[in-house]
Amino acid sequence: MNKEKDKRQSALKVQDGIDQPSSINPSLSKGLDKFKKSKTDVNELVNGILKGDRSSLSRAITIIESSLSSDKIIAREIIQSCLPHSGKSIRIGVTGVPGVGKSTFIESFGNMLIKEGKKVAVLAIDPSSKRTKGSILGDKTRMESLSVNDKAFIRPSASAGTLGGVARKTRETITLCEAAGFDIILVETVGVGQSEVAVAQIVDFFLLLMLAGSGDELQGIKRGIMEMADMIMINKADGDNINKANLAKREFENALHLFPALKNQWIPKVTTASALMKNGIDNVWKTIAEYVELTKSNGHFDLKRSQQSGDILRDTLESSLMDDFYNTPGLKEKLDKINDKISKGLLNPYDAAEELLNIYRKS
């Protein structure tokens, strides 16, 4: 009896818990069930995409961009299901130096296309920080009127260190947007200057935006990005800048004549426009329509698409090999030790690379 009394008075006694208060809104807890992560139904997701459901499209893109191995398997199934329903859009790459007005142009251009009965998808690529690995992803705030239009879909994605101005999964995202019924796919690059090679390999038409009176004329005359452009648009041709824009137009036209003729028989055009004032935007669409008509008639449109399929094969193999390499058992631990030796000057990086490759080959 005394032992039971001492046990009740002990400081080590576990106190009884209190009753949980009832919910203020009992129906709220039921509604939260829909936010719980459930197993992805690929068929349901694909059917939603084919019906043009934005939620399904957004969720599928998120899965495709995921680095989780479980999501990669689902992503492959989604892409395989959507591929037969893709390929019917016109893919347009839009690039230019930061501050040239890419977002302003895309908003004006997209609204104009929607008025003509088109459905427009915008894939905006944001640069990722080398330090924090993060991205702002704020393109929707810069395309306010276009983002609220039910005929438009804007998807910002992080470049995540991918070179060439596009994200790693931009190709796959284009496939999903086409399957969802979008007629025009606009790919806005990060605007890194002369390394926009990757975007030219995934679009049908490559539009280069330039500024007048800021030294960009000389940059544009360099080969590199200039020879990839199907059209150059001198933006911000308004107010006191009109004369400068016309002068830049002539300089770019003279520069284009120095390049050899394109195999698709297209002669790159140069125009001036003001995305802010919405002047000259219609000329851009007319030029794109002319380009599509010409290249489809001479067979180069389909030829370019087939060549891009070859690029997808190569890039997929490279990506898979890289993933396979870094997932090799025991390689990560070995890599950490080798990095330590390199930093201390005990091993040069060339011999280290060969040592790691030998481990991979024997696995």
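Table for the structure above
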{"read-out": "Nearest-0.05 FRET efficiency for residue 316 and residue 362, computed from C-beta distance (R0 22 Å)", "value": "0.35"}
{"read-out": "Per-residue HN-Hα couplings for the range 333-347 [Karplus 6.51, -1.76, 1.60; θ = phi - 60°; Hz; x = Gly/Pro]", "value": "5, 5, 5, 4, 5, 5, 4, 5, 5, 5, 5, 8, x, 8, 8"}
{"read-out": "Where labels lie 7 Å past Cα in the beta-carbon direction, separation of residue 80 and residue 242 in nm", "value": "5.9 nm"}
{"read-out": "FRET E, pair residue 259, residue 70, Förster distance 45 Å, beta-carbon r, rounded to 0.05", "value": "0.40"}
{"read-out": "Distant-in-sequence amide H partners of residue 149 (H built 1.01 Å from N, under 5 Å)", "value": "none"}
{"read-out": "Additional length obtainable on full extension of the chain from residue 276 to residue 334, 0.36 nm per residue less Cα span", "value": "15.4 nm"}
{"read-out": "Among 94-101, 313-320, 71-78, the order from most to least packed when residues are scored by Cβ within 10 Å on average", "value": "94-101, 71-78, 313-320"}
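Throughout, read-outs are computed from the coordinates displayed, never taken from laboratory work. Because the structure is a prediction, the values reported are computed rather than measured. All Cβ positions, even for glycine, are placed from backbone atoms using ideal geometry, and neighbour counts span all protein chains on display.
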